[in-house]
Amino acid sequence: MTAGSVAVVTGAASGIGRAAVEIILERGGSVVAFDTTPESLDWLAGNDDAVAFVGDVTRSDDNRAAVEQAELSFGRLDALVLNAGIAASGSIETLDMDVFDRSIDVNLRAIALGVREAIPAFRRSGGGSVVITASATALGGEPNRWPYAAAKAGAVNMARSFALDLANDGIRVNAVCPGPISTGMTKRIEENTPDRYESLKSMVPLHRWGTAREVGEVIAFLASPLASFVTGAAIPVDGGATCGSGQTV
Ligand code: NAD
C-alpha cells in the first residue's frame, strides 16, 4: 500500500490480518479493520488512520457497511483484503456436515459477498485491488482438512475468475497461499500436537514456520500499485512447501 491509500481488511484482529493492517499503516495508508468483536480490535485505539469495524463477513450488509465506513472515514476505497478465515477438519466418514457448510460460508462464500459489495466503491475510485488469503492447502490437499482445503481451493479459482470479470474496471484480484504460519489459528497445533507441528515444519524446505508479517508483506505488495500488472495470481508464501512433488525416491 502507498501513502494515502485506503483498505478494508477482514480478520484484522490477529495473525496475518493484523500484520497486514500494521504494514499498511506503517506505509501511510488508512484501514477499516474488520473483525467479530470490539475488544479484539482494541489494539488500534488511538490510531487516527484506522477504524475498528465489528461485523461478520458472512453477512452482506456487514460487508457493505465496512466499505461505506472506508468511504465515510477516508473518502475512498483502494484495496480489499479478504483475510478472515476459520480452520475446519475431520474425517470424511464422521464429520458433521455443518462443519463443512460453515467452512464454505466463511472461507469461500464470504469472499463473493465482500467483492460484490466493494465493486461500486472501486469504480468510484477508478479501480482497486482485492487480495484473498487462501492457503497452501488450495494447491494440494492435506489429510483430514478437506472442508478447509476445498473452500480455499475454491477461493483461489474465484480470485482467478474475478480477475477476468473485473479487469475492465481496473480491479485486480489476487490470492496469497500461506503455508504453516505461527498465528492464533495454529497455536493449538503447536500446543496440543507438537509432533504435527514438527512434521509440518519438516515439509517446509526453509525448515521453519512462517510469520504473520511475512504473509502481510506479500498482501501489502499485491494491494499496492507496485503490483499493477499482477492479477489472477495465487502466490504461495510457504517457504517452498508446495514446490516439490513430495516424492523422495
Ligand atoms: P487468526 O485466527 O489469527 O485470524 C483469523 C481472523 O478472522 C480472526 O481474528 C477471526 O476473528 C476472524 N474471523 C473469523 N471468522 C470471521 C467472520 N465470520 N467475520 C469476521 N471475522 C472473522 O488466523 P490467521 O492464521 O491469521 O488466519 C488468517 C487467514 O490466513 C485465514 O483465512 C486462514 O485460513 C489463512 N491461513 C492461515 C494459515 C496459518 O498457518 N496460520 C495458513 C494458510 C492460510
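Read the figures in this text as sums done on the coordinates, not as results from a lab. What you are looking at is a predicted structure, and each value in this text was computed from that prediction instead of being measured. All Cβ positions, glycine included, derive from the backbone under ideal geometry; neighbour counts span all protein chains shown.
Structure notes:
- Reference-scaled alpha-carbon Rg (2.2 N^0.38 Å with N residues) for region 125-249: 1.13
- Semi-axes of the equivalent ellipsoid of region 87-150 are 31, 13, 5 Å, computed as sqrt(5λ) over the eigenvalues of the C-alpha gyration tensor in descending order.
- Where only C-alpha atoms are counted, convex hull volume of region 157-202 per residue in Å³: 94 Å³
- Residue order, fewest to most beta carbons within 10 Å, for V115, V230: V230, V115
- Pairs of Cα atoms nearer than 8 Å and 6+ residues apart set the relative contact order; for region 1-115 it is 29 percent.
- Rounded if a/c under 1.5, otherwise prolate or oblate - region 12-84, Cα gyration tensor axes: rounded
- The modelled label-to-label distance between L206 and A112, using points 7 Å beyond Cα along the C-beta direction, is 3.4 nm.
- Average projection area in nm² (convex hull over Cα atoms of the chain, one quarter of hull surface): 13.7 nm²
- Based on Cα contacts under 8 Å between residues 6+ apart, the chain shows a relative contact order of 21 percent.
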